[in-house]
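Sharing a structure with you now.
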Amino acid sequence: MKSMKHGLALAGLAAALCVAAGCSNGSDGAMQGGQGRVQIVMSASESAAVSPAVTDGGSSTDHDLKAAHVTFASILARNLDGELIDVTIDLPITVDLLGLVSGGAFTLPAGFLPPGTYDQLVIVMTKVELTLANDTVVTIDPPGGGWTAVIPVAESFTVAEGLTTTVNIKFRPAGSFSWLDDEWEFRPKFECDDDDDEDDD
């Protein structure tokens, strides 16, 4: 009798573990129902390194940048009804935007949106950490709520249930970082081209 109770207890524990595993099976399984998968790929619109704008009479070579780590906190997409909808995505995540300038690319974690057509992205960034050529690290204080980049989409992209839509975002380094009145400024500039693809999940 005791062994039977012990066996039932183990079976119950195994069942509970199976249920827990099913509930925590990544974001894909839990959030794909009724939604389409969105893969956002970031690159740069210029292939050569760009020195920051300097407006205080100094030389741009005095402020050369080695890296610019930017933390992305949220992404929204606007549908054709004018509604801004949160992209369900595992954020925050930090990207070295200057690392993209040399021809690199960075793929964000997969996100999800309701089926529909979207014509604008809104990206919110909450932290910028610059590494200068001499390895000095400088943090730029964000404005209230962080930096917001409103990105028109060159051609609307469509999200469909059961498909993956790839959205390409390009960082424009020229003018994004500037040295003004002895402090750094960040004015994020992005563009979104119309090269989106749809594939079966």
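The values are calculated or read from the model by the stated rules, or taken from the named source; none is laboratory data. These numbers come from a predicted model, not from an experiment. Every residue, glycine among them, receives a Cβ derived from its backbone with ideal geometry; neighbour counts consider all protein chains shown.
Among the strands (runs of 3 or more DSSP E) confined wholly to segment 66-132, which include 3 or more residues that are under 16 Å from I169 (Cβ atoms) and out of contact with any His (no Cβ under 7 Å at 6 or more places or on another chain)? Reasoning before the result, please.
Working: elements: 84-86, 93-96, 111-113, 116-132.
So the answer is 116-132.
Let me ask you something else. Counting just the residues of segment 99-123 that are closer than 15 Å to A77 by Cβ and polar (S, T, N, Q), which one comes out surrounded by the most Cβ atoms within 10 Å (Cβ to Cβ)? Step through it out loud before you land on a result.
Filtering segment 99-123 down to residues closer than 15 Å to A77 by Cβ leaves 108, 110-123.
Keeping just the survivors that are polar (S, T, N, Q) gives 117, 120.
Values: T117: 14, Q120: 17.
Result: Q120.
Yes or no, residue by residue, for (1) outside any loop (DSSP other than H, G, I, E, B); (2) touching a residue at least 60 places away in the same chain (Cβ under 8 Å); (3) more than 18 Å from Q35 (Cβ to Cβ):
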{"position": "V150", "(1), (2), (3)": "yes, no, yes"}
{"position": "V153", "(1), (2), (3)": "yes, no, yes"}
{"position": "E161", "(1), (2), (3)": "no, yes, no"}
{"position": "N168", "(1), (2), (3)": "yes, yes, yes"}
{"position": "E185", "(1), (2), (3)": "yes, no, yes"}
{"position": "P188", "(1), (2), (3)": "no, yes, yes"}
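What are the pairs, 6+ residues apart or on separate chains, where a residue within segment 124-144 that is surrounded by 11 or more Cβ atoms within 10 Å (Cβ to Cβ) has its Cβ under 7 Å from a residue that is small (G, A, S) and not in a strand (DSSP E or B)?
Taking only residues 6 or more apart or on different chains, the pairs are V124/G146; M125/G146; T126/G146.
Further question on the same structure: Taking the options S51, S47, name whichever one is in contact with a helix residue (DSSP H, G or I) (Cβ under 6 Å, 6 or more places away or on another chain), modelled with pLDDT under 95 and either assigned to a loop (DSSP other than H, G, I, E, B) or of a type in the set (V, I, T) (or both).
Only one candidate qualifies: S51.
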